[in-house]
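The values are calculated or read from the model by the stated rules, or taken from the named source; none is laboratory data. This is a predicted model, so every value here is computed, not measured. All accessible areas refer to the heavy atoms of the entire protein, side chains included, with ligands and DNA or RNA removed. Shrake-Rupley method; radii C 1.70, N 1.55, O 1.52, S 1.80 Å.
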Amino acid sequence: MNTKKILVLTGIALLVFFLVTQPQQSAGIVNNIINTLKDAAEALITFVRSVFAG
């Protein structure tokens with residue numbers, strides 16, 4: 001088994017452990033990630049609109 005596979009499997013195992021042991025904090029982290037992605041998408045849309053508007 002190569003090093004990349006070992007690191008990926010270890011990361012997945014830690015993620016599952018964190019989700020099982022601390023579900024409230026996990027949900028908060030997921031919400032923060034989603035909000036950050038939403039804000040980034042809105043900023044990109046605003047930028048593209050301003051470029052093509054004039």
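Things to note:
- Residue match in the range 4-16 (condition: at pLDDT 95 or above and basic (K, R)): no
- Flag if F47 is at pLDDT 95 or above and either open to solvent by 100 Å² or more (accessible area, probe 1.4 Å) or assigned to a helix (DSSP H, G or I) (or both): yes
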